[in-house]
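The values are calculated or read from the model by the stated rules, or taken from the named source; none is laboratory data. Bear in mind the structure is a predicted one, so any value in this text is a computation, not a measurement. Glycine gets a Cβ as well: all are built from the backbone with ideal geometry, and neighbour counts include every protein chain shown. Surface areas here come from the heavy atoms of the whole protein model, side chains and all, with no ligands, DNA or RNA. Shrake-Rupley method; radii C 1.70, N 1.55, O 1.52, S 1.80 Å.
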Amino acid sequence: MSWATRAIEDLSSGKTVVIYPRGGSMRGLIESGARVVVEPVDRVDVKEGDIVLCRVSGTDYLHLVKAVGASGILIGNNLGKINGYASRIYGRVVSVGS
């Protein structure tokens, strides 16, 4: 079970969620343990620069949308790593912090 399983279940049923993600790949935008509010989003409403809860190659990420185009939605972290194209977009970050 992924750290995001409960959040994904709630987002899929239309609920906004609060999560406290751990890790350093989004530092500068989201610090480890910060309070993050994520709301459901339709894939067509996602744009470059959004931070989304998504799945890429079977792994769940709370990462940046690097590009949106005909090939799909390209996902990466805030340190320059590209993870790949999202197979699912579950939600979009609407606030970080208190």
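Would you grab the residues whose amide H sits under 5 Å from the one on Val56? Only those 5+ places off in sequence or on another chain, please, with H modelled 1.01 Å from N.
Those lying under 5 Å, H to H, from Val56 are Tyr61, Ser87.
Within the stretch 63-98, what residues put their amide N at less than 13 Å from the label point 7 Å along the Cα-to-Cβ vector of Ala34?
Within reach of a label on Ala34, which here means backbone N under 13 Å from a point 7 Å along Cα→Cβ, the stretch 63-98 contributes 63-64, 78-79, 93-98.
Given the rule -39500 (n - 2.57) for each run of at least 4 DSSP H residues, summed and divided by the residues of the chain, what is its mean residue ellipticity at 222 nm, to the nearest 500 deg cm²/dmol?
-2000 deg cm²/dmol
Can you work out the Karplus-derived ³J(HN,Hα) for every residue in the stretch 79-90? Use 6.51 cos²θ - 1.76 cosθ + 1.60 with θ = phi - 60°, whole Hz, and x for glycine or proline.
Running phi through 6.51 cos²θ - 1.76 cosθ + 1.60 with θ = phi - 60° gives 10, x, 7, 9, 8, x, 8, 6, 8, 9, 10, 9 Hz.
Computing the accessible area with a 1.4 Å probe over protein heavy atoms, can you report the carbon and sulfur percentage for the chain?
Roughly 48 percent of what the probe reaches on the chain is carbon or sulfur.
Would you please classify the overall shape of the stretch 38-93 from the alpha carbon gyration tensor, given that a ≥ b ≥ c denote the square roots of the eigenvalues, rounded means a/c under 1.5, and beyond that prolate means a/b larger than b/c while oblate covers the rest?
Because its axes are fairly even, with a/c under 1.5, the stretch 38-93 counts as rounded.
Decide, for the stretch 3-98, between rounded, prolate and oblate: order the square roots of the alpha carbon gyration tensor eigenvalues as a ≥ b ≥ c, take rounded if a/c falls under 1.5, and otherwise choose prolate if a/b is larger than b/c, else oblate.
Verdict is oblate for the stretch 3-98.
Calculate the dipole size of the chain relative to its Cα centre from +1 charges on Lys and Arg beta carbons and -1 charges on Asp and Glu beta carbons; express the result in debye to the nearest 20.
Charge dipole of the chain: 200 debye, to the nearest 20.
Placing +1 on the Cβ of each Lys and Arg and -1 on the Cβ of each Asp and Glu in the chain, which of Ile89, Ser13, Val56 has its Cα farthest towards the positive end of the resulting dipole?
Looking along the dipole axis, the top candidate is Val56.
For the chain, with every protein chain kept in place, what is the accessible area per residue (1.4 Å probe, Å²)?
Using a 1.4 Å probe on heavy atoms only, each residue of the chain averages 55 Å².
Pick out, in residue order, every one of the trypsin sites (Lys or Arg not before Pro) in the stretch 36-98 that is DSSP loop and has at most 15 other C-beta atoms within 10 Å; say none if there are none.
For trypsin sites (Lys or Arg not before Pro) across the stretch 36-98 that sit outside H, G, I, E and B with at most 15 neighbouring Cβ atoms in 10 Å, the list reads Lys47, Lys81.
Hey, which lysines would be in cross-link range of Lys15, C-alpha to C-alpha under 26 Å, not counting anything within fewer than 8 residues on its own chain?
The qualifying lysines are Lys47, Lys66.
Taking θ as phi - 60°, what are the ³J(HN,Hα) couplings along the stretch 23-39 by the Karplus curve (6.51, -1.76, 1.60), each to the nearest whole Hz, with x for Gly and Pro?
With coefficients 6.51, -1.76 and 1.60, one gets x, x, 6, 10, 4, x, 10, 9, 7, 4, x, 5, 6, 10, 9, 10, 10 Hz.
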